[in-house]
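What follows is one structure encoded as structure tokens, with my remarks underneath.
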Amino acid sequence: MTHPTVGHPAGLPDDPRADVTAPTPECPVEITLAALHGRWTTLVIRELLRGDHSYSELRAALPVMSDKVLSDRLAHLTRAGVVDRDRRPGWPPRVRYTLTPNGHRLGPVLQALWDWGAHLPTSAGEADPSRTTGFPSTRLRTCEDAPSPRASVGGEVFGQ
């Protein structure tokens, strides 16, 4: 029996959807990137990885984020199947946001993105080992946790 990775470069999936010459909507990577699209999206997911929240709890956890952006991100994540919106009866109406099972599966993805970015050279030119963390951790690190949240690759600056 041949090992499943024989004939495939390391890290590439043995899946016909990966053998394309242009991005397609069916590509799992494109689907994931579309779900994570938008500034603040990863921070909303981070908060929901910590547990379900009301809108006001999310606002308190992310005070710099505007109401419009938070509403947009929650609607986007709900449409993407990452977040469930649970409206409870009564007055005033109460809504809780929680991650779906697929939303919880984004935890390791965000951790991998963090770890990859933490190993990039900072604007000073060296990787900052204090920005690395393993998964699972007690909390998902984000750019606010980093001593220098900016990194540059080939002159392009990330983390602004």
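Quick note: the coordinates plus some simple rules give every number you see, no bench work behind them. As the structure is a prediction and not an experimental result, all values here were calculated from the model. Don't worry about glycine lacking a Cβ; one is built from the backbone with ideal geometry, like all the others, and counts go over all protein chains shown.
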Highest average packing first - 25-34, 83-92, 111-120, Cβ atoms within 10 Å: 111-120, 25-34, 83-92
What FRET efficiency do you get for residue 96 and residue 67 if R0 is 22 Å and r is their Cβ-Cβ distance, rounded to the nearest 0.05? 0.80
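What FRET efficiency would be calculated for the residue pair residue 14, residue 105, taking the C-beta separation as r and a Förster radius of 35 Å, to the nearest 0.05? Write out the running numbers ahead of the final one.
Working: r = 20 Å, r/R0 = 0.58.
For R0 = 35 Å, the calculated efficiency reads 0.95.
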In region 45-89, whose amide N lies under 11 Å from the spot 7 Å out along Cα-to-Cβ of residue 39? List them in ranges. 65-66
Show the residues, 5+ positions off or on another chain, whose built amide H is closer than 5 Å to the amide H of residue 65. none
Let me check I've understood the local charge: for residue 27, count other residues with C-beta under 10 angstrom from its C-beta, Lys and Arg +1, Asp and Glu -1. What total comes out? -2
